[in-house]
Each structure stands twice: as structure tokens, then as C-alpha cells.
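Take a look at the structure set out below.
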Amino acid sequence: MANGWAGDGAVQDQIAHSIADEVSRIRSLLPQGEGCDTCEACGETIPLARRKALPGVRLCVACQQERDKEQTAASPYNRRGNKDSQLR
């Protein structure tokens with residue numbers, strides 16, 4: 001059943017778009033390129049297991065945790081420009 005300006009499934013479409021946007025944002029934060037043996041921030045050795053698990057890693061666990069705290073989450077709103085873009 002249509003609900004005002006929103007078509008059938010508008011809420012599900014909004015949720016799907018929001019999830020896809022967030023997945024794209026997180027994937028863009030993953031390390032790329034050649035990794036390092038030592039942390040770029042503090043100079044500590046990056047364990048071999050971490051380098052194997054995350055190819056392209058450039059920070060040790062402690063420095064990565066600090067950087068992750070500084071990252072801000074994306075807005076929960078879908079900014080696709082339609083009337084229903086403010087649905088959550």
C-alpha cells in the first residue's frame with residue numbers, strides 16, 4: 001500500500017541504500033598498496049600475523065585504534081534528494 005509520497009517498499013529501499021553507502025565508506029578506509037614492516041606513526045614493528053591478515057597495513061594495532069576513534073561515522077540520512085530521503 002502506498003503511503004503518501006512514498007511508494008511501496010520505500011523504507012526498505014532507504015535501508016538498503018544507507019547500508020550500501022556505509023559499506024562503501026568502510027571499504028574505502030581499508031589499507032591499500034604495499035604494507036610496512038614498521039608503524040608509520042610510532043615506529044614499532046608490525047607483527048607478521050597482522051601484515052598477513054591485512055595486506056597494505058601501515059599502522060600497528062594501538063595506532064590504528066587511535067585513528068579509528070578519530071574517524072566520524074557518516075550521517076544516518078540518505079541524501080538522494082527525494083521527499084522520502086529523511087526516512088530512517
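Every read-out reported here was derived from the displayed coordinates using simple, explicitly stated rules and does not represent laboratory data. Since this is a predicted model, take the numbers as computed values, not measurements. Cβ sites come from the backbone with ideal geometry, for glycine too, and all protein chains shown count toward neighbours.
The charge dipole of the range 10-70, taken about its Cα centre with unit charges on the Cβ of Lys, Arg, Asp and Glu (plus for the first two, minus for the last two), comes to roughly 200 debye.
The calculated P(r) of the range 10-70, using every Cα pair and 5 Å bins from 0, goes 4, 17, 20, 19, 12, 9, 8, 6, 3, 1 in percent.
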